[in-house]
Structure formats: structure tokens, C-alpha cells
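The values are calculated or read from the model by the stated rules, or taken from the named source; none is laboratory data. On a predicted model such as this, the values are computed, not experimentally measured, just so you know. Cβ placement follows ideal geometry from the backbone for every residue including glycine, while neighbour counts extend to all protein chains displayed. Keep in mind that these areas ignore ligands, DNA and RNA; they rest on the heavy atoms of the full protein, side chains included. Shrake-Rupley method; radii C 1.70, N 1.55, O 1.52, S 1.80 Å.
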Amino acid sequence: MKVVISDIARKAGVSSGTVSNAINNRKGISEQKRQAILKIAREMGYFDQREIKKTESQKIKFVVMNKQGNVVGDTPFFSELIRGIEMECSALGYELVISHITLAPEEDPIEKIRPELVDGLLLLGTELEKQDLAVFRHLEVPLVILDTVFNSQDFDFVAINNRDSAYEIVEKMIEKGHRDIGIINSTFQINNFRERKQGFVQAIQEHDLIHYEETEALVEPTLEGSYQDMKVYLESLRDDQRPLPSAFFAVNDNIAIGAMKAIREVFPDHPLTIVGFDDIPLAEFCNPPLTTVKVDKVYLGRQAVRRLIEKITNEDENHLKMLVATTIVERESIN
């Protein structure tokens with residue numbers, strides 16, 4: 001049976017952090033206590049186990065967690081993310097195993113993941129909520145959660161800086177003279193979309209503008225779904241003779257591109273200003289080319305692997321929340 005730091009801590013009557021400090025020769029522990037802990041670790045076979053592992057193939061499992069499959073899928077965003085993970089695993093000598101799991105109600109995903117067979121886990125948290133993470137709290141292998149971040153959670157997160165990025169691109173529309181800015185949001189909410197709306201609202205409020213609920217369109221987060229739902233929303237505005245906002249912020253590019261088609265059809269003479277988020281390949285080739293937030297998906301994946309390997313090799317029990325910055329790609333959809 002594999003011996004882990006928590007096993008040694010229980011036998012020694014100390015915290016896991018104290019054991020980690022002793023094994024890694026860190027400060028903050030007396031030499032007498034260090035030697036006592038090391039003696040227990042040797043007796044339990046911990047160091048023999050580490051030597052054996054050095055000769056074995058080291059494995060990382062990337063778990064793609066789906067709840068409803070409304071956001072996570074075979075898209076350019078996630079393809080690039082996986083490419084970054086693969087590149088970093090290969091560069092650092094780790095074998096990568098990819099597992100796709102649908103999270104069903106009242107089902108324990110740990111049985112499907114089999115964490116005991118790998119050295120560490122990367123968990124794609126895009127569609128997960130805070131309560132979904134409870135089952136991962138007592139894993140005996142290092143874990144890094146990718147593409148989401150929650151407050152008051154003792155996990156390592158590597159995610160996009162959604163709030164600041166949304167704020168910056170909405171501010172750019174305001175600088176171009178727009179005062180009535182709507183938001184095109186998703187009917188299926190994930191943490192990333194909520195954070196982007198928070199950044200949108202903050203930008204509106206800090207520039208002394210007002211966000212009206214009726215200027216928020218809710219659409220399915222797919223190209224076809226966003227087109228159909230946006231068309232219904234726009235037709236209701238037209239039929240009720242309500243004004244169309246002069247600009248829209250969409251919470252991702254798929255939504256923005258589908259919505260653009262609907263706007264051109266329902267309000268063909270309306271000047272079109274719309275921005276998105278993610279910079280998927282199609283954003284450059286739609287009509288008009290989409291101004292959007294560029295996320296370095298490869299870098300995001302590589303940083304998650306680096307943090308996980310740091311936890312594996314150093315048995316680091318601290319928790320970090322890493323937010324990756326973005327850039328704005330300005331194209332013809334903003335004026």
C-alpha cells in the first residue's frame with residue numbers, strides 16, 4: 001500500500017505540513033523533531049517507495065469533467081488547452097493520460113478517475129460548481145483544477161483572469177463613445193461567464209453608466225443556439241419598439257458570432273459593434289471580423305502542468321490561485 005505524507009503525519013502526531021518540512025529539509029522545525037519524523041518515514045518505507053517511483057514511468061491524468069456538455073466539447077479552445085498540457089508533460093518527462101467523465105447526480109467520480117494509478121491529476125473545472133469539488137478534497141495525489149477558480153476553496157487553481165479581461169474590453173467600447181452597452185449571456189451558466197459579467201458590470205458602473213436588465217440577452221452557448229435565441233430577443237425589441245443598444249459584449253465568441261448573424265437579419269441598418277471572448281479561429285473570419293479577448297490556451301495548459309509537477313516533486317501542500325492575463329485583439333466589429 002502506498003505511503004503518503006498524511007500517513008506519516010498521523011503516526012508521528014504532527015501535521016502534514018510539518019512532515020513535508022522535515023522531508024524537504026525546510027526551516028520551521030527543530031532538528032530533533034525532524035529526525036524523529038524521518039525515522040518514522042523510513043520505517044514505513046516512504047523513501048524506498050520514492051526511489052522505486054523514480055525508475056517508473058510518471059503519469060499525469062487530465063480529467064475532462066462534463067456536467068451537461070453545453071460548454072466543454074470538441075472546440076478550438078479546449079484543443080489548444082490540451083495541446084499545451086501535452087507539450088509540457090512531454091517536455092518534463094511525464095506520460096499524459098486523458099479521461100473524459102460525465103458527472104452524474106449522486107455519482108462518485110473518483111471511482112472512474114482512479115487517482116491511485118497516477119502521480120497527479122489535472123481537473124478541467126469549466127462546467128463545475130463549488131459544491132462539485134467536495135469529492136476531491138481528500139485525494140491522496142496532487143491536484144490542480146484548470147479553467148475555473150472559486151473563493152474559500154483549498155485547491156490549486158489555474159484560470160483566466162475573467163473579470164479584468166471583461167472590464168478591459170468593455171472599457172474599450174466606452175472609450176469609443178458607447179454609452180448604451182448590452183450583454184449577451186448564456187442560458188447555461190458557468191463560473192467563467194459569471195466572472196465576465198461581473199467585469200462587464202464593474203466597467204459600466206465605474207464609468208457612471210447604467211446596466212439595464214432588458215439589455216441582457218440570454219442565449220444558448222452554441223453558434224446555432226445563440227443565433228436562434230438572439231433573433232427571438234431582437235424581434236421582441238423591434239415589436240415592442242424598444243431601442244437596440246449601440247454595442248454588445250458577448251461572454252464568448254461562439255455566442256458573439258451567432259448573435260451577429262441575428263443582428264444583421266433583424267436590424268440590417270443598425271451599426272454593429274459587438275465584442276467576444278476567447279479569440280477562437282472563426283473570430284478572424286466572420287463578418288465582420290470579431291474584436292475579442294485573446295486567451296493563450298497553450299500557456300494556460302502549460303502553467304497548470306508546471307504547478308502540478310511542482311506539487312508532485314516537492315510534495316508542496318500549499319495552495320495557489322493563478323490567474324492568467326489576456327490581451328485584446330481589435331478587429332472590425334468595434335467602432
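Odds and ends about this structure:
- Annotation: residue 282 fulfils all but one of (1) open to solvent by 30 Å² or more (accessible area, probe 1.4 Å); (2) among the hydrophobic types (A, V, I, L, M, F, W, C); (3) closer than 21 Å to residue 61 by Cα; the unmet one is (3).
- For region 68-89, the set of residues classified as charged (D, E, K, R) and at pLDDT below 75 consists of 74 only.
- Failed item in (1) modelled with pLDDT of 80 or more; (2) on the phi < 0 side of the Ramachandran plot, with residue 93 passing the rest: (2)
- Test: residue in region 117-128 that is more than 29 Å from residue 187 (Cα to Cα), in contact (Cβ under 8 Å) with a residue 40 or more places away in the chain, open to solvent by 40 Å² or more (accessible area, probe 1.4 Å) and in a helix (DSSP H, G or I): yes
- Positions within region 175-194 being open to solvent by 10 Å² or more (accessible area, probe 1.4 Å) and in a helix (DSSP H, G or I), in sequence order: 175, 191, 194
- Residue list for region 249-307, restricted to those being in a loop (DSSP other than H, G, I, E, B) and closer than 12 Å to residue 333 by Cα: 271, 272, 273, 276, 285, 286, 287, 288, 289, 290
- Count of region 100-112 residues, restricted to those that are surrounded by 13 or more Cβ atoms within 10 Å (Cβ to Cβ) and either in a loop (DSSP other than H, G, I, E, B) or at pLDDT 90 or above (or both), is 2.
- In summary, residue 159 fulfils each of the numbered conditions (1) farther than 30 Å from residue 210 by Cβ; (2) in a strand (DSSP E or B) with the single exception of condition (1).
- Here residue 133 clears all of (1) open to solvent by less than 30 Å² (accessible area, probe 1.4 Å); (2) within 19 Å of residue 303 (Cβ to Cβ); (3) at pLDDT 85 or above; (4) part of a helix (DSSP H, G or I) except the condition numbered (2).
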